[in-house]
């Protein structure tokens, strides 16, 4: 592989980067032209990924484009410990089969960004399922209890007099040992994983390896414009969501997040970013439409992005319904709130009632306001909730 120039290295280590541990050594390795091993580990905890995760994968792709190998590590052993949304709770153990099955969904999704030819898929059960109790104890002996318990989430629990499972302080040791087994030169992570990956640097030194550099990426703010993107908060854009859903969600993004999404969640050249930053302030709607197009193109292709754009323009500017509207069948006249809850137009009947009362529901393009409305079984009837959700009776 060719040796990158200083400008290329500077760009690699600045865009989508929050902090770097071991930057000086990493720059020397990159300048040498030596192929590096770039590690990222993930414990499967949910069926689908969202754009917040993609920030890491775009950074990994940048390394691939320079000739380096990405190791996408599935934590099918460490994932059995679980990963609670509320870090004040004890990690719950999970079944190995469930974790492995969920991981297959992850691989398919990350390869929409990563280059499959330069991606090495590994599972940490490869070594942990073969280790004896003695092996684990010897591994634990590299650290003290005080070192492991200093992690922020453990300190918070101690202050709140909450339990810490005996298995939990072991988790950073296992994640750190992954770096030893994979001989990683660089690991790319979200900021919440820095403590664990620092243990990887410790163990690599103990095992006679050069310690990995740690690149942490910024958190992507969700659609609410306030909190980090999260499934549990409902402010996310899923990688597997339909083109129309992705496009529509991006168009609902607060204007002050347009540039950040271009920088973190798209593949547009870095050289285009200054002009995009200006355009985002002067012409936010048009710039946001370009952002929506770019994101849909990544996950569904150019043709799907163009169709989603046309559908959005048709729905919001010309009052059309989508071309691929979902069709449902009801056997008899049914309450509108029941239909909305059953077919995911609302999270519950009470939520459906609230949407109707707030005049956010239409039937055949006419606003309805009666939460007790009965919908007759008439094929062709179109129910619309909000701006993007439609179903049609068949």
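The values are calculated or read from the model by the stated rules, or taken from the named source; none is laboratory data. Note that the coordinates shown come from a computational prediction; the quantities given were computed from them, not determined experimentally. Reconstructed Cβ throughout: ideal geometry from the backbone, glycine too, with neighbour counts over all protein chains shown.
Select from the range 237-258 the residues that are closer than 11 Å to residue 50 by Cβ and touching a helix residue (DSSP H, G or I) at 6+ places or on another chain (Cβ under 7 Å) and write down the one among them that is modelled with the lowest pLDDT. Top of the filtered list is 240. Every test in (1) more than 16 Å from the chain's Cα centre (by Cα); (2) within 25 Å of residue 28 (Cβ to Cβ) is passed by residue 216 save one, and that test is (1). If the condition is being surrounded by fewer than 16 Cβ atoms within 10 Å (Cβ to Cβ) and over 19 Å from the mean Cα position of the chain (by Cα), then the range 183-197 contributes only 183. Take the conditions (1) closer than 23 Å to residue 24 by Cα; (2) at pLDDT below 95; (3) in contact with a strand residue (DSSP E or B) (Cβ under 7 Å, 6 or more places away or on another chain); residue 228 misses just one of them, which is (1).
Is the range 56-71 home to any residue that is exposed (fewer than 15 other Cβ atoms within 10 Å of the Cβ), in the same structural domain as residue 155 (by TED's automatic domain parsing), assigned to a helix (DSSP H, G or I) and at pLDDT 90 or above? For the range 56-71, residues exposed (fewer than 15 other Cβ atoms within 10 Å of the Cβ), in the same structural domain as residue 155 (by TED's automatic domain parsing), assigned to a helix (DSSP H, G or I) and at pLDDT 90 or above: present.
Within the range 355-383, the residues that satisfy the criterion of being at pLDDT below 80 and either loosely packed, with under 10 Cβ neighbours inside 10 Å or assigned to a strand (DSSP E or B) (or both) are 365, 366, 380.
Results for (1) farther than 21 Å from residue 119 by Cβ; (2) touching a strand residue (DSSP E or B) at 6+ places or on another chain (Cβ under 7 Å); (3) loosely packed, with under 15 Cβ neighbours inside 10 Å, shown as yes or no for each residue.
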position: 4; (1), (2), (3): no, no, no
position: 7; (1), (2), (3): yes, no, yes
position: 10; (1), (2), (3): yes, no, yes
position: 18; (1), (2), (3): yes, yes, yes
position: 22; (1), (2), (3): yes, yes, no
position: 28; (1), (2), (3): yes, no, yes
position: 40; (1), (2), (3): no, yes, no
position: 43; (1), (2), (3): no, no, no
position: 48; (1), (2), (3): no, yes, no
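A quick yes/no check of all residues on (1) part of a loop (DSSP other than H, G, I, E, B); (2) in contact (Cβ under 8 Å) with a residue 12 or more places away in the chain; (3) under 26 Å from the mean Cα position of the chain (by Cα); (4) not assigned by TED's automatic domain parsing to the domain that holds residue 185:
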| site | (1), (2), (3), (4) |
| --- | --- |
| 11 | no, yes, yes, no |
| 15 | yes, yes, yes, no |
| 20 | no, yes, yes, no |
| 24 | no, no, no, no |
| 27 | no, yes, no, no |
| 30 | no, yes, no, no |
| 35 | yes, yes, no, no |
| 41 | no, yes, yes, no |
